[in-house]
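Before any comments, here is the structure.
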Amino acid sequence: MFKSRSLIAAVALVSSPVFAQGESAFSFLVPESATLDAYDVVITNLTPGQTFTPQLLVSHTADISLFEIGEPASMELEILAEGGNTGPLTDAVVNVVSDVQTVDGLLEPGRTVSWTIDAYSDDVVSMAAMLIPTNDTFVAMNGMSLPEEGSVTYYVKAYDAGTEENDQNCRNIPGPRCGGEGYNGEIAEGDEGFVHVSNGFHRLNGNTLSPATYDWRNPVARITVTLR
């Protein structure tokens, strides 16, 4: 996705109409001479048993954030965290970011994938993907700096969207392992109500999935960004 950046709308961090409940947008000027650069992004799944759904990559100004720790998740993030669908979040940000891409396919434990995203030199980069099998856990890099030259590597955490009860029951978990329901649009009971750092995968009543296989300790991904 390419666009002129002489005049572009940006969305405020906490009061974004996309990512939070309030609404506040503003415009700013960027020199006409600003150009897009290409960055290679390498994502490695560091977990022993969790799989990443297709990964959303976004380059954007620092005024935009995919989520805010301690605040309710947006509906678009909820859809990604519960079902792995990057489409609604892509549609929500496409007009206020420099580039947005989805890395197709599942990223299995120990595997690495490479992708390219375009960005301006003063942009930051974000990434998000659901962990399966979980109810509403996602891996995310939220507004990290791009390298001025060479590469930069980040080790990133898993977060709980707080939008669904963590019953870890396959009937409520999508994906090839469980094949259950993902996002259904209903008001959840037993959820935490805010985005927080995930505390892993535990043995629960009625849970037939083994924590010995599917639990993790943060960080869950290594992401290296290289300026071409």
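The values are calculated or read from the model by the stated rules, or taken from the named source; none is laboratory data. Everything quoted here is computed from the prediction, not taken from an experiment. With ligands, DNA and RNA removed, areas are computed over all heavy atoms of the protein, side chains included. Shrake-Rupley method; radii C 1.70, N 1.55, O 1.52, S 1.80 Å.
Observations on the structure shown:
- Per residue accessible area in Å² of region 101-169, where ligands, DNA and RNA are left out and the probe is 1.4 Å: 38 Å²
- Shape class of region 26-156 from the Cα gyration tensor (axes a ≥ b ≥ c, square roots of the eigenvalues): oblate, since a/c reaches 1.5 or more and a/b does not exceed b/c.
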